[in-house]
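The values are calculated or read from the model by the stated rules, or taken from the named source; none is laboratory data. If you're wondering where the values come from, they're calculated on a predicted model, not measured in any experiment. For neighbour counting, all protein chains shown are included, and Cβ atoms are generated from backbone atoms with ideal geometry for every residue, glycine included.
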Amino acid sequence: MTGTYLGMPAFPEAAAVSTKNTRLRANLRHATHTIRAKRAAAVAELADWERLRAAGAAIKDRTLRHLDHYLERLESTVTAAGGQVHWAADAEDANRIVTELVRATGEREVVKVKSMATQEIGLNDALAEAGIRAYETDLAELIVQLGDDLPSHILVPAIHRNRTEIRDIFTHRMARWGRPAPEGLTDAPADLAEAARLHLREKFLNAKVGISGANFMVAETGTLVVVESEGNGRMCLTLPETLISVVGIEKVVPTWRDLEVFLQLLPRSSTAERMNPYTSTWTGTTDGDGPRVFHLVLLDNGRTDTLADTVGRQALRCIRCSACLNVCPVYERAGGHAYGSAYPGPIGAILTPQLRGTQSELDASLPYASSLCGACYEVCPVAIDIPEILVHLRERVVEGGPASVRGTRAVIKPAKGHAAERAAMRAARWALDHPGVLRAGQRLASRTRRFHPRRLPGPGRAWTDTRDLPAVPAEPFRDWWQRTHGDGNRSEGKSTT
Amino acid sequence: MRVALFITCVNDTLYPRTGRAVVTLLERLGVEVGFPPEQSCCGQPHFNTGYRHETEPLVRRYAAAFQDYDYVVTPSGSCAAMVRDNYPRIGAKAAAEGRGQELTELAAAAVPKTYELTEFLTDVLKVTDVGAYYPHTVTYHPTCHGLRMLRLGDRPRRLLAAVKGLELLELPGAEECCGFGGTFAVKNAAVSAAMGADKARNITATGAETVCTVDNSCQMHIGGTLARQGSTVRPVHIAEILASTEGDVW
């Protein structure tokens, strides 16, 4: 049973705690810097990377513009190939559909391929409530599940753990879930992998039902695609009798030709590989080979609302590579849990407030979880302008405005708790729009500069707790200009310093 | 060629020395500089915090203040990027709200003439050796908006490399954000401070006497953090280094 993101504090409070966790900081720094450098090298190998990136963005945009068409096409091709398609408007819908499908098989256990969509909807908890045990089979997801923990990274869910912690989790928790860890387990990576392999092999061989997500769905043939490194996905997709795939509606691509672009973009961006070890594709069911029953649950859960937003819809291009997390200086220091959803890092900061809305304190704080440094946009393989969307969502938080809510046009109210800031911003704008007032303020600051405190009270403490204030100069620039150049607009003669 | 200085609100109020350096430098290079006093702030603090509508009067003010000039030069990568990237967005959003093309037209006039200082030197004046002399060791931190929005590339480094007496020392992790981020510095103070502390440690480790950027707002955060760490490294804006000569050392 995994934990839940419900009731977590707003980003600044959670991050204030995690930035002080020196072990977490060291784990994350090491992991993100390593993968960051490898990605840069893998991408630099391709002379046409920028064109690939533009192609990826263009294919996604075109598909999203005609999403209804491609989804209906997908439904017909999957059905023709022997699959059954289910439509889920939200998380509750999807969980109910999957739970009923598992119940109908009479099984009480399922094996899972790592899947962001099922994390997003909290499927494991819903299944547990129905008395069904879901076993995570991705190594990192297994570590998270055994540790009663939450994923903190899209690609490497246990990135916040180092190998000693993993050894302890395996030693103490594996027995509760099945085959125990071998006696005297060391923290050598090969030993840890072997312990996981032995533990998971029993699950694969016993499983009658597998649950997966998908990286892509090809509309022209009804083919689903899972891209992975460990081979656990291949096991889950081929051994069980029943396969249930829960996939966000934005994962559809029109043709195999389109898929080819993403199969180049994704591995280099995520694991820094030219090609990932396992790419599994399946089209409905095949007699005598693989699952006999295949269900595809197409998940909306806020995606149609996101699509209705002309700026925010770029986020639906995301192929979940996690390159943006690995370059983000905020993610590196705050850790993934502070983002309070299955989607941490920069992509989470723009996706979660669109999928869940901006009404909770946590969700309203996410668009501000960025210094707008732009490193995420630079590495994004589908060119999502994350800083642009962050600022766009900040506006939704403080000003409210029109948005699509569950498929209906609505006017969102500003989030709570911004009244003082709004008043300050308005006052500042007024002063800046009246240079006489600005100048009077500057002069006052200059004349009283000897009396300025070194530490500020109230909200100003957020600055002076860790940083000195700049010294206010004897005169602002505009006074110097007037003194040396007169009121005239142009400079006259040599200036003095 | 009518050239105006856009000093920016932060430099005007807190770093007038940088403004004096820009004027000194440009005049030395034979450029006549104007300073329209109606100018104030580009609106970035408002826009980036989500107050787009509060930004609009400042877009109008910027456009009006500089309408008679061919070039607007500003010693801030961040403020130049605000004009160039965000003014057209503000115009497009106003148009989408049914408020016509006014802001789009003002943005279209402002964008092509707005230059960050080092861009103006290398791209318009086409100089890299500005005749400067600065007998110090310097490490250069490329600030994010100059680096990733303006794509300044190696312009600042080329200018610094041509300064006599200056020794440029490599900054480890140079392209990582310092953690300032405008209101981010107080809204997410813990993360901002953690990023600043790492940046400041990297700067001190270079052994340089000064750290140079094209943005005093980032430098306010870096300098404040360096001082709190007890570091003796001085933050200096690139304009002040380029203004310095053998006859007039800054």
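Does A:Ala181 meet the test of being within 22 Å of A:Asp149 (Cα to Cα) and surrounded by fewer than 20 Cβ atoms within 10 Å (Cβ to Cβ)?
no
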Considering only residues of the stretch B:21-36 that are at the interface with chain A (Cβ under 7 Å from one of its Cβ atoms) and free of Cβ contacts under 8 Å to residues at least 24 places away in the same chain, which is farthest from A:Asp468 (Cα to Cα)?
B:Glu27
If a residue must be in contact (Cβ under 8 Å) with a residue 12 or more places away in the chain and surrounded by fewer than 14 Cβ atoms within 10 Å (Cβ to Cβ), how many such residues does the stretch A:27-39 contain?
1
Anything in the stretch A:201-214 that is surrounded by fewer than 23 Cβ atoms within 10 Å (Cβ to Cβ) and within 23 Å of A:Leu155 (Cα to Cα)? List them, or say none.
A:Arg201, A:Phe204
Identity of the residue in the stretch B:176-224, among the hydrophobic types (A, V, I, L, M, F, W, C) and not in a helix (DSSP H, G or I), that ends up surrounded by the most Cβ atoms within 10 Å (Cβ to Cβ):
B:Val214
Can you pull out every residue in the stretch A:4-29 that is away from chain B (no Cβ under 14 Å) and assigned to a helix (DSSP H, G or I)?
A:Arg23, A:Asn27
Just checking, does the stretch B:42-52 include any residue being among the charged types (D, E, K, R), within 7 Å of chain A (Cβ to nearest Cβ), under 16 Å from the mean Cα position of the chain (by Cα) and surrounded by 22 or more Cβ atoms within 10 Å (Cβ to Cβ)?
no
Can you pull out the residues in the stretch B:179-199 that are within 17 Å of B:Arg148 (Cβ to Cβ) and within 8 Å of chain A (Cβ to nearest Cβ)?
B:Gly179, B:Phe180, B:Gly181, B:Gly182, B:Phe184, B:Met195
Selection from the stretch B:152-171 of residues within 14 Å of chain A (Cβ to nearest Cβ) and within 13 Å of the chain's Cα centre (by Cα) yields B:Leu152
Which ones in the stretch A:308-342 are among the hydroxyl-bearing types (Ser, Thr, Tyr) and surrounded by fewer than 24 Cβ atoms within 10 Å (Cβ to Cβ)?
A:Thr310, A:Ser341
Testing A:Arg461 on (1) at pLDDT 85 or above; (2) assigned to a helix (DSSP H, G or I); (3) away from chain B (no Cβ under 11 Å), one condition comes back false. Which one is that?
(3)
Identify, by number, the condition in (1) within 11 Å of another protein chain (Cβ to nearest Cβ); (2) touching a helix residue (DSSP H, G or I) at 6+ places or on another chain (Cβ under 7 Å); (3) farther than 27 Å from B:Gly179 by Cβ; (4) not β-branched (Val, Ile, Thr) that A:Ser446 doesn't meet.
(2)
Quick check, is A:Ala175 surrounded by fewer than 22 Cβ atoms within 10 Å (Cβ to Cβ) and free of Cβ contacts under 8 Å to residues at least 12 places away in the same chain?
yes
Would you check which residues across the stretch A:91-128 are in a loop (DSSP other than H, G, I, E, B), closer than 20 Å to A:Lys203 by Cα and of a type in the set (Gly, Ala, Ser) and list them?
A:Gly106, A:Ser115
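A quick yes/no check of all residues on (1) under 17 Å from B:Met149 (Cα atoms); (2) outside any loop (DSSP other than H, G, I, E, B); (3) modelled with pLDDT under 95; (4) touching a Lys or Arg at 6+ places or on another chain (Cβ under 9 Å):
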position: B:His53; (1), (2), (3), (4): no, yes, no, no
position: B:Pro57; (1), (2), (3), (4): no, yes, no, yes
position: B:Tyr69; (1), (2), (3), (4): no, no, no, yes
position: B:Pro88; (1), (2), (3), (4): yes, yes, no, no
position: B:Ala92; (1), (2), (3), (4): no, yes, no, no
Conditions (1) more than 13 Å from every other protein chain (Cβ to nearest Cβ); (2) closer than 20 Å to A:His153 by Cα; (3) at pLDDT 95 or above: number failed by A:Ile59
(2)
Considering each residue of the stretch A:66-90, count those that are within 25 Å of the chain's Cα centre (by Cα) and over 19 Å from A:Leu243 (Cα atoms), and give that number.
7
Taking the options A:Arg320, A:Arg303, name whichever one is of a type in the set (D, E, K, R), more than 14 Å from chain B (Cβ to nearest Cβ) and within 25 Å of A:Gly374 (Cβ to Cβ).
A:Arg320
Restricted to the stretch A:350-387, and to residues that are part of a helix (DSSP H, G or I), in contact (Cβ under 8 Å) with a residue 60 or more places away in the chain and within 14 Å of another protein chain (Cβ to nearest Cβ), which residue is surrounded by the fewest Cβ atoms within 10 Å (Cβ to Cβ)?
A:Glu361
Considering only the stretch A:117-135, state which residues are within 20 Å of A:Leu299 (Cα to Cα) and of a type in the set (Ser, Thr, Tyr).
A:Thr118
Note on the stretch A:145-159: residues of a type in the set (Val, Ile, Thr) and buried (at least 24 other Cβ atoms within 10 Å of the Cβ) are A:Ile154, A:Ile159
Being of a type in the set (A, V, I, L, M, F, W, C), touching a helix residue (DSSP H, G or I) at 6+ places or on another chain (Cβ under 7 Å) and under 19 Å from A:Glu230 (Cα atoms): is that true of A:Val156 here?
yes
Residue count, the stretch A:154-182, condition within 19 Å of the chain's Cα centre (by Cα) and among the small types (Gly, Ala, Ser), comes to 1
Out of A:Gly401, A:Gly345, A:Gly417, report the one residue that is buried (at least 23 other Cβ atoms within 10 Å of the Cβ) and more than 23 Å from A:Glu92 (Cα to Cα).
A:Gly345
